[in-house]
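Read the structure below first, then the notes.
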Amino acid sequence: AASTTSTTSTASTTSTTSTTSTTSTTSTTSTTSTESTASAISSASTASAIPSASTATNPAGATLPILYFFPSTPYSAPPLGMRPAPSLNPQPVRPSGRCRALIIGINYKGTQAELNGCINDAHNMRNLLQANGYPNDSSHMVVLKDDTNDHNYMPNGKNIMKALQWLVQGVGRGDSLFFHFSGHGAQLPDKTGMEKDGLNETILPTDYKNGQITDDELWGSLVRPLPDGARLMAVMDCCHSGTGLDLPFEYIKRKKDQYGGGHWREDENPAHSTGDVVMFSGCQDDQTSADVGGGGMFSSQRAGGAMTNTFLKALRSNPNPTYVQFMGELHKVLKKGGFSQKPMLTSSQRFNLDQRRFSLTQDIFPNTNQMLGRDKRTHFKPASQMNQDLNGLLGLFSGIDKGKLAAGAALLSMLR
């Protein structure tokens, strides 16, 4: 959802870190102007590995970023139904050293939905990934931002869907992927009967009036195609992002303020896949995330999302945490800043949070799901249509005095 300079939102910026070190609905394809610092990590010679070409040459001989010529295809929803996994290989996965990232930051400048910090978030996450071995060339890192003059890299629905296909194309065992979205999130009634709350979570491209991108599409585009032993880490800094990738397992804390000793809860209608996917959300499905204007605990930083700022701050304070330590720090920092949003951890595979260490390129888990696909065990009624008209939703905030909606000391925020 959205507004202008204060309420609640989800995105961020920051300077940070060292696992770390950094600073700063329905549609189809991707791209963004992405700079090349060409430090390419070796790519595989087989078709199953991330290709190495960082640029493509058009008929006139000009060298252009690879997404100009990426052969995307229209999205097709996966069928319902389950099938046995081909085989389970419990052996540890050896990282290949191949990395690829898609980063999206949308400020919606000049619209009623305008935000301040999402492009800063994109810069900060790019810096974090570069510091941790992700090459900053166009075959390994694509950044879509709405401050570009290149229509091929504008984060509209078509380009985002294209970039999602690019991210997973040719990925093999041991490869590491990263997906970051900073912008507006919303919800739409789920007419398939799969969602317990009757709603699909969505992200908003720049042309959101033509359609939003649902969690079903994100799962089908990003999660389902990954092979066993390939890893994707995602950070979704937007409103209603809790189950934004439709991953089947949600981590439930044992106690209110403690992450250790909790358990994984499986979705009632789970979507199982073979890849190792972990997602950090900016908030729960029924919550909003904050867009921080700088000030308070983030006073040294420019505008950005509270979640992205907190993510970077947590890694800066402890570059090698366990997942329990990392999730605990995220909650602590946000609570200290006066934010009510509660980040969630969802995953495609169950794992022990006390033992597994956070890493952007290491510690890849093999598949443990014996059955794969979307399983419909229960039919749920769609929610009301109240959230379908996004412009109406945004209009709810048009009369609010944004100066009175600061979240935390001296923090200005908006709905994301």
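What the table shows:
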item: Check on LYS191, among the basic types (Lys, Arg), touching a Pro at 6+ places or on another chain (Cβ under 6 Å) and either surrounded by fewer than 23 Cβ atoms within 10 Å (Cβ to Cβ) or at pLDDT below 95 (or both); result: yes
item: Residue ID - most open to solvent (accessible area, probe 1.4 Å), chosen from residues in segment 236-254 that are among the charged types (D, E, K, R) and out of contact with any helix residue (DSSP H, G or I) (no Cβ under 6 Å at 6 or more places or on another chain); result: ARG254
item: Residue, nearest to PRO366 (Cα to Cα), within segment 65-99, restricted to residues that are in a loop (DSSP other than H, G, I, E, B) and either in contact with a Phe, Trp or Tyr (Cβ under 9 Å, 6 or more places away or on another chain) or of a type in the set (D, E, K, R) (or both); result: PRO92
item: Selected residue [under 18 Å from LEU199 (Cβ atoms), open to solvent by 50 Å² or more (accessible area, probe 1.4 Å), at pLDDT below 95 and not in a helix (DSSP H, G or I)] from LYS381, LYS376; result: LYS381
item: Residues located in segment 145-156, provided they are within 17 Å of THR202 (Cβ to Cβ) and within 15 Å of the chain's Cα centre (by Cα); result: PRO155
item: Any hit, segment 213-224, residues being part of a strand (DSSP E or B) and either closer than 29 Å to ASN159 by Cα or open to solvent by 10 Å² or more (accessible area, probe 1.4 Å) (or both); result: yes
item: Test: residue in segment 350-359 that is assigned to a loop (DSSP other than H, G, I, E, B), more than 21 Å from the chain's Cα centre (by Cα) and under 27 Å from THR288 (Cβ atoms); result: no
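Quick grid of which residues meet (1) open to solvent by 20 Å² or more (accessible area, probe 1.4 Å); (2) of a type in the set (Val, Ile, Thr); (3) closer than 22 Å to TYR75 by Cα; (4) assigned to a helix (DSSP H, G or I):
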| position | (1), (2), (3), (4) |
| --- | --- |
| ASN120 | yes, no, no, yes |
| MET125 | no, no, no, yes |
| ASN152 | yes, no, yes, yes |
| ASN159 | no, no, yes, yes |
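The values are calculated or read from the model by the stated rules, or taken from the named source; none is laboratory data. Nothing here was measured: the structure is a model prediction, and the numbers come from that model. Every residue, glycine as well, gets a Cβ built from its backbone with ideal geometry; the counts of neighbours run over all protein chains shown. Please note that ligands, DNA and RNA were not included when accessible areas were found on the heavy atoms of the full protein model with its side chains. Shrake-Rupley method; radii C 1.70, N 1.55, O 1.52, S 1.80 Å.
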